[in-house]
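The values are calculated or read from the model by the stated rules, or taken from the named source; none is laboratory data. For clarity, every value in this text was computed on a predicted model and none was experimentally measured. Positions of Cβ are generated from backbone atoms using ideal geometry, with glycine treated the same way; all protein chains shown enter the neighbour counts. In case anyone asks, the SASA skips ligands and DNA or RNA and just uses the protein heavy atoms, side chains included. Shrake-Rupley method; radii C 1.70, N 1.55, O 1.52, S 1.80 Å.
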Amino acid sequence: PCPSCGEPVFREEGEAAVRCNNTDCPAQLLRNLIHFASRDAMDIEGLGPAIIEQLIGTGLVSSPADLYRLRAEDVAEIERMGEKSAQNLMDSLEKSRHNELSRLIFALGIRHIGQKAAKLLARRFGSMEVIRAASEEEIAAIDGFGGIMAKSVHNYFALEETSRLLERLAAAGVAPTEEAQAE
């Protein structure tokens, strides 16, 4: 069982690591949010692991989309955060709403998709909607993509929870800039 939430874990064939599949697992949420906010992903300054842990602990955040619903006054109440730090975080969140598409793709933490693959997806498809509609074959046709990567992307975007997250992000004003380049 997962040491954090007690749900069953699984091991991918040929891999040593065991993984928890519970989307409500607190350890998964913490890890996902740390990745989402990281410099190479959405680059949200002032949102380190300790702050994220407190946001989860206080119930203010249970998904990346919740970050964009935070209010400075709520954040200022958190330990080691004052009004100035809270406002800086709000400014950083605001700036991240208009990041490049590849940053958001990478931030989602899709298995087997690193920064380079995220850039290739953004360049090839140009928008989240087009990526979501792409077939596994269309994704696999990207130079530098293999079958495992294409399947991983296709499966991720087929999940109902992915649709809900992307809808919530869009509703919160996360509108990545497009990076499409004609093939």
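Counting residues that are over 16 Å from VAL174 (Cα atoms), which helices (runs of 4 or more DSSP H) fully inside region 1-114 reach at least 2?
Where helices (runs of 4 or more DSSP H) fall fully within region 1-114 and carry at least 2 residues being over 16 Å from VAL174 (Cα atoms), they are 26-37, 49-57, 72-76, 83-96.
Does at least one position in region 19-31 carry a residue that is of a type in the set (A, V, I, L, M), more than 28 Å from LEU159 (Cα to Cα) and surrounded by fewer than 16 Cβ atoms within 10 Å (Cβ to Cβ)?
No: zero hits.
Within region 164-178, work out how many residues are in contact (Cβ under 8 Å) with a residue 40 or more places away in the chain, touching a Ser or Thr at 6+ places or on another chain (Cβ under 9 Å) and surrounded by fewer than 18 Cβ atoms within 10 Å (Cβ to Cβ).
3
What residue, of GLY146, GLY173, GLY109, is on the phi < 0 side of the Ramachandran plot and of a type outside the set (A, V, I, L, M)? Give the steps one after another, and end with the answer.
Details: GLY173 fails: on the phi < 0 side of the Ramachandran plot; GLY109 fails: on the phi < 0 side of the Ramachandran plot.
Selected residue: GLY146, the only one of GLY146, GLY173, GLY109 that is on the phi < 0 side of the Ramachandran plot and of a type outside the set (A, V, I, L, M).
Can you confirm whether region 94-107 contains a residue that is within 15 Å of the chain's Cα centre (by Cα), small (Gly, Ala, Ser) and either modelled with pLDDT under 95 or surrounded by 22 or more Cβ atoms within 10 Å (Cβ to Cβ) (or both)? Explain how you work it out, then say what you get.
Taking region 94-107 as the starting set, the residues that turn out to be within 15 Å of the chain's Cα centre (by Cα) are 96-107.
Now narrow it down to the ones that are small (Gly, Ala, Ser): 96, 102, 107.
Remaining after also requiring either modelled with pLDDT under 95 or surrounded by 22 or more Cβ atoms within 10 Å (Cβ to Cβ) (or both): 96, 107.
Looking for residues that are within 15 Å of the chain's Cα centre (by Cα), small (Gly, Ala, Ser) and either modelled with pLDDT under 95 or surrounded by 22 or more Cβ atoms within 10 Å (Cβ to Cβ) (or both), one finds at least one in region 94-107, hence yes.
What number of residues within region 73-93 are open to solvent by less than 30 Å² (accessible area, probe 1.4 Å) and hydroxyl-bearing (Ser, Thr, Tyr)?
1
Scan ARG31, ARG11 and give me the residue that is of a type in the set (Lys, Arg) and within 18 Å of the chain's Cα centre (by Cα). Explain how you work it out, then say what you get.
On the way: ARG11 fails: within 18 Å of the chain's Cα centre (by Cα).
Going through ARG31, ARG11 in turn, the sole match is ARG31.
Would you be able to say whether some residue in region 144-163 is in a loop (DSSP other than H, G, I, E, B) and open to solvent by less than 40 Å² (accessible area, probe 1.4 Å)?
Narrowing region 144-163 to residues in a loop (DSSP other than H, G, I, E, B): 144-146, 159.
Among the residues that remain, those that are also open to solvent by less than 40 Å² (accessible area, probe 1.4 Å) are: 145-146.
Looking for residues that are in a loop (DSSP other than H, G, I, E, B) and open to solvent by less than 40 Å² (accessible area, probe 1.4 Å), one finds at least one in region 144-163, hence yes.
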